[in-house]
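Novice: I am attaching a structure below and will ask some questions about it afterwards.
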Amino acid sequence: MQVIKISLYLIAFILSNFIIVWFGAQGLIFTSLFLIPFDFVLRCMFHEQWKGKELIVKLGSLVIGASLITYFINRDSLNIALASSLGFISAQIFAGIFYQAFIKKSYFIKVNGSDFVGIIVDSIIFQIVAFNFIDIKVSAGQIIFKVLGGLFWYWIIFKKLKLQNKFI
């Protein structure tokens with residue numbers, strides 16, 4: 001099951017990068033609503049399974065690996081791969097700190113709270129690195145879509161599948 005989760009994480013990450021490469025900033029709508037929040041919620045699952053240095057090394061490796069795969073598939077994606085990597089690593093740090101601080105709280109609080117923190121960080125850093133500017137409207141839209149997508153994936157993964165003892 002762990003291999004499936006890691007594979008899905010990588011696929012969503014890499015596909016997000018390519019959607020931005022292919023469609024530019026307009027691709028942010030789809031990636032912000034479905035793919036990026038999916039990875040944020042999976043990060044929470046990994047946080048439950050991996051601890052300490054293992055968590056840091058494995059999550060960092062997934063982010064860097066996905067960015068490298070993106071770049072090696074399409075050399076024109078360097079800027080997007082770099083923006084993704086920097087945005088996600090920064091988001092992982094802040095989201096991880098929040099998650100750990102609330103580790104004994106309900107899944108709803110620690111998953112969605114840490115996702116919210118990470119979403120803000122990722123949205124700002126990605127936009128600056130990928131597009132060399134920050135548009136408040138685009139950032140606000142990304143944050144709103146990612147939060148809505150995160151709530152959707154939380155409901156699917158932590159509510160529906162967990163209750164059925166699947167996936168987690």
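Novice: Compute the relative contact order of the stretch 26-101 as a whole-number percentage, counting only Cα pairs closer than 8 Å that sit 6 or more residues apart in sequence.
Specialist: The value is 26 percent.
Novice: Note the listed values (1) 49, 38, 28; (2) 41, 32, 27; (3) 64, 41, 30, then indicate which one is Cα extents along the principal axes in Å calculated from this particular structure.
Specialist: This structure yields the entry labelled (2).
Novice: Per residue, how much accessible area does the chain have with a 1.4 Å probe, in Å²? Show your work: numbers first, answer last.
Specialist: On the way: 8510 Å² over 168 residues.
Result: 51 Å² per residue.
Novice: Here is a follow-up. Percent relative contact order of the stretch 67-157, based on C-alpha pairs within less than 8 angstrom and at least six residues apart?
Specialist: Relative CO of the stretch 67-157 lands at 29 percent.
Novice: Using the Kirkwood formula on the Cα atoms of the stretch 1-74, what hydrodynamic radius do you get, in angstrom to one decimal?
Specialist: Every distinct Cα pair counted, the radius reaches 12.8 Å.
Novice: Normalising by the residue count of the chain, find the relative contact order in percent from Cα pairs under 8 Å and 6+ residues apart.
Specialist: Once normalised by length, the contact order is 27 percent.
Novice: I've got another one for you. Cut-off under 27 Å on the C-alpha distance; same-chain residues fewer than 8 positions from residue 5 excluded. Which lysines are left, in chain and number order?
Specialist: Of all the lysines, those that pass the test against residue 5 - Cα under 27 Å, at least 8 places apart if same chain - are 51, 53, 58, 104, 105, 110, 146, 159, 160, 162, 166.
Novice: If you roll a 1.4 angstrom probe over the protein chains with everything in place, what fraction of the accessible area of the chain belongs to carbon and sulfur, to the nearest %? Don't skip to the end; give the middle numbers.
Specialist: Working: 6330 of 8510 Å².
Roughly 74 percent of what the probe reaches on the chain is carbon or sulfur.
Novice: Just how large is the dipole of the chain about the Cα centre, in debye to the nearest 20, putting +1 at every Lys and Arg Cβ and -1 at every Asp and Glu Cβ?
Specialist: Charge dipole, the chain, about its Cα centre: 660 debye, nearest 20.
Novice: Also: Among 27, 52, 118, which residue has its Cα furthest toward the positive end of the charge dipole of the stretch 1-120, with +1 on Lys/Arg Cβ and -1 on Asp/Glu Cβ?
Specialist: Checking the options against the dipole of the stretch 1-120, the answer is 52.
The values are calculated or read from the model by the stated rules, or taken from the named source; none is laboratory data. Keep in mind that what you see is a predicted model, and the values were worked out from it rather than measured. For neighbour counting, all protein chains shown are included, and Cβ atoms are generated from backbone atoms with ideal geometry for every residue, glycine included. To get the accessible areas, we keep the full protein, side chains included, count just its heavy atoms, and leave off ligands, DNA and RNA. Shrake-Rupley method; radii C 1.70, N 1.55, O 1.52, S 1.80 Å.
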